[in-house]
Amino acid sequence: KTLSKCYVQVTGMTCASCVANIERNLRREDGIHSILVALMAGKAEVRYNPALIHPSAIAELIRELGFGATVMENCGEGDGILELVVRGMTCASCVHKIESTLMKTNGVLYCSVALATNKAHIKYDPEIIGPRDVIQVIKDLGFTTSLVKKDRSASHLDHKQEIRQWKRSFVVSLVFCIPVMGLMIYMMVMDSQLSDAHAHHNMSDKEMEALHSSMVLEYQLLPGLSVMNFLSFLLCVPVQMFGGWHFYIQAYKALKHKTANMDVLIVLATSIAFVYSCVILLVAMAEKAKVNPVTFFDTPPMLFVFISLGRWLEHVAKGKTSEALARLISLQATEATIVTLGPDNVLLSEEQVDVELVQRGDIVKVIPGGKFPVDGRVIEGHSMVDESLITGEAMPVTKKPGNTVIAGSINQNGSLLISATHVGADTTLSQIVKLVEEAQTSKAPIQQFADKLSGYFVPCIVAVSVVTLFAWIIIGFVDFEIVEKYFLGYNKSISAAEVIIRFAFQASITVLCIACPCSLGLA
């Protein structure tokens, strides 16, 4: 009754001998009743007499052994949590009956029963009571109860669907992107040759125009519609529809929640480039323009190729980590054989139970070829144990009374009786799984910073793009010569106002598109 319990965070432990060292030395101290150290969690659970010693002194003792130690304030860490399905409840009085009986039971800290879902959520002190005792209390009241089955398949870690989805998106975009790039490179080569000819032979603008339109891709199928623009349009439509489908869905979801992520920027850039190009083509056809307009049909396929490749590789990498984690989870045993011992360790009875129902202090029997369901200490038997899956130790390790065993390792040739020390979420294997899961879900500080920045990045780029649009419109109307100097497809047959608007749009779309495959988004 007089004992208290505290938790100490221990750093600097590297192997089981560190654990043994701490446990052995602290047990000798006055006032310490028991100590249990978990290597993977880096945590020590100490039961002590507060009249003789206090937690900070315990931490100091651990520090003197050469380890880092700090007392953990939230002691709720060690509470056992039990999720049960309770059948046979009919009304609120049944709920009250279960809750009040459990709360009177020594060791139960909290209990909540939901009639609608037939579920009970119970917190208990594993030192005083265990899950089987709680289940027995409920059964004695006349209700049937069972554990909420945990998903051991690790299906939530499966990235196969995303990998397939982004691979398909990448392949579709790539198939249509290669011809677009071919056309683009061809046009660039021809343009540079023409400009060289213009520089060497002093041709007039009229002669240049005639030479330009004599090129195969510049040939007009209809007035204002060149072969180049028509082919680019045909190649761009499927990419916009199928390659960009997932981007559109994600962007819609983001906008619905009033946030702007990279998908929003990608969709904005590709859609505006596509729509602008279509509008410009229609205007050129309506005006029966002699000179083909500058379009952006090459932008969406190339953007989608880069970004869907990035997403595909990202999910492949995630899938590899998850695969390792799924394999780890599959190492966990699902059942345990609990035995009752009489005097002189005589076997009285055996019982097969779910591994979640094993309590601290239970005697568990592990037969040759069986997996250890929990961490524990050997109390009877000699055997060789294969721990390679957990520790990487290739050779089997000899186990005799007093040695520790790790959950998930495989017993090889002798039958062992072990006393459970760490059960449920406290076993080494569960802690490894938890650490890997946390490593996957937690973000490095630099990554959090990048995410925070990209939250502001998208609205900023859109704002800069809009400013560019209006700035060039104002510049154009104030001093038209500047626009005339920089506008590539300038043609005297188009009105000055139209030239300014076209140039302003080209500049602002360029800003949008350049920002898409930015290092932030790809990272």
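Any residue in segment 328-342 that's outside the structural domain of Gly392 (by the TED database): show its pairings with residues that are basic (Lys, Arg) and assigned to a helix (DSSP H, G or I) at Cβ separation under 8 Å, as long as the two are six or more apart or on different chains.
Here the result reads none, with nothing in segment 328-342 linked to a residue that is basic (Lys, Arg) and assigned to a helix (DSSP H, G or I).
Just need a number here: residues in segment 290-313 that are open to solvent by 20 Å² or more (accessible area, probe 1.4 Å) and either in contact (Cβ under 8 Å) with a residue 40 or more places away in the chain or within 19 Å of Met215 (Cα to Cα) (or both). Step through it out loud before you land on a result.
Going through segment 290-313, the residues open to solvent by 20 Å² or more (accessible area, probe 1.4 Å) turn out to be 290-292, 294-296, 298-299, 302, 306, 309-313.
After this cut, where a residue has to be either in contact (Cβ under 8 Å) with a residue 40 or more places away in the chain or within 19 Å of Met215 (Cα to Cα) (or both) as well, the list is 290-292, 294-296, 298-299, 302, 306, 309-312.
Here the count works out to 14.
Here are the criteria: (1) at positive phi; (2) modelled with pLDDT of 85 or more. Tell me which single one Phe230 does not satisfy.
(1)
Please verify whether segment 439-459 includes one or more residues that are within 17 Å of Met40 (Cβ to Cβ) and either open to solvent by less than 60 Å² (accessible area, probe 1.4 Å) or touching a helix residue (DSSP H, G or I) at 6+ places or on another chain (Cβ under 9 Å) (or both).
yes
Being free of Cβ contacts under 8 Å to residues at least 12 places away in the same chain and charged (D, E, K, R) is the filter here, so list the residues in segment 366-401 that pass it.
If the condition is that a residue be free of Cβ contacts under 8 Å to residues at least 12 places away in the same chain and charged (D, E, K, R), then Glu393 is the only one that fits.
Looking at segment 28-44, which of its residues are open to solvent by less than 20 Å² (accessible area, probe 1.4 Å) and free of Cβ contacts under 8 Å to residues at least 60 places away in the same chain?
Gly31, Ile32, Ile35, Val37, Gly42, Ala44
Give the residues of segment 370-428 that are over 25 Å from Thr14 (Cβ atoms) and of a type in the set (Val, Ile, Thr), sorted by residue number.
Correct list: Ile379 only.
On the basis of being open to solvent by less than 30 Å² (accessible area, probe 1.4 Å), among the polar types (S, T, N, Q), touching a residue at least 40 places away in the same chain (Cβ under 8 Å) and touching a Gly at 6+ places or on another chain (Cβ under 9 Å), does Thr404 make the cut? I'd like the intermediate steps shown before the answer.
Working: open to solvent by less than 30 Å² (accessible area, probe 1.4 Å): no; among the polar types (S, T, N, Q): yes; touching a residue at least 40 places away in the same chain (Cβ under 8 Å): yes; touching a Gly at 6+ places or on another chain (Cβ under 9 Å): yes.
It is false that Thr404 is open to solvent by less than 30 Å² (accessible area, probe 1.4 Å), among the polar types (S, T, N, Q), touching a residue at least 40 places away in the same chain (Cβ under 8 Å) and touching a Gly at 6+ places or on another chain (Cβ under 9 Å).
Spot the failing condition for Gln352; the list is (1) in a strand (DSSP E or B); (2) in contact (Cβ under 8 Å) with a residue 40 or more places away in the chain, and only one is missed.
(2)
May I ask you to list the residues in segment 115-132 that are out of contact with any Gly (no Cβ under 8 Å at 6 or more places or on another chain) and in contact (Cβ under 8 Å) with a residue 12 or more places away in the chain?
Of everything in segment 115-132, those that are out of contact with any Gly (no Cβ under 8 Å at 6 or more places or on another chain) and in contact (Cβ under 8 Å) with a residue 12 or more places away in the chain turn out to be Leu115, Asn118, Lys119, Ala120, His121, Ile122, Arg132.
Residues of segment 407-445 being free of Cβ contacts under 8 Å to residues at least 12 places away in the same chain and assigned to a loop (DSSP other than H, G, I, E, B), which ones?
Residues satisfying the conditions are Ser442, Lys443, Ala444.
Determine, yes or no, whether Val346 is farther than 24 Å from Val175 by Cβ and surrounded by 14 or more Cβ atoms within 10 Å (Cβ to Cβ).
Spelling it out, it is not the case that Val346 is farther than 24 Å from Val175 by Cβ and surrounded by 14 or more Cβ atoms within 10 Å (Cβ to Cβ).
Among the candidates Leu102, Leu65, single out the residue that is in contact with a strand residue (DSSP E or B) (Cβ under 8 Å, 6 or more places away or on another chain) and either in the same structural domain as Asp133 (by the TED database) or not polar (S, T, N, Q) (or both).
Leu102 is the lone residue from the list that is in contact with a strand residue (DSSP E or B) (Cβ under 8 Å, 6 or more places away or on another chain) and either in the same structural domain as Asp133 (by the TED database) or not polar (S, T, N, Q) (or both).
Look at segment 120-148 and say how many of its residues are surrounded by 19 or more Cβ atoms within 10 Å (Cβ to Cβ) and out of contact with any strand residue (DSSP E or B) (no Cβ under 9 Å at 6 or more places or on another chain).
Number of matching residues: 0.
Within segment 247-267, work out how many residues are touching a residue at least 12 places away in the same chain (Cβ under 8 Å) and either hydroxyl-bearing (Ser, Thr, Tyr) or in contact with a Leu (Cβ under 7 Å, 6 or more places away or on another chain) (or both).
Residues flagged as touching a residue at least 12 places away in the same chain (Cβ under 8 Å) and either hydroxyl-bearing (Ser, Thr, Tyr) or in contact with a Leu (Cβ under 7 Å, 6 or more places away or on another chain) (or both) within segment 247-267 amount to 4.
The values are calculated or read from the model by the stated rules, or taken from the named source; none is laboratory data. Quantities reported herein were computed from a predicted structural model and do not represent experimental measurements. Glycine gets a Cβ as well: all are built from the backbone with ideal geometry, and neighbour counts include every protein chain shown. We work out accessible area using only protein heavy atoms, side chains counted, and drop any ligands, DNA or RNA first. Shrake-Rupley method; radii C 1.70, N 1.55, O 1.52, S 1.80 Å.
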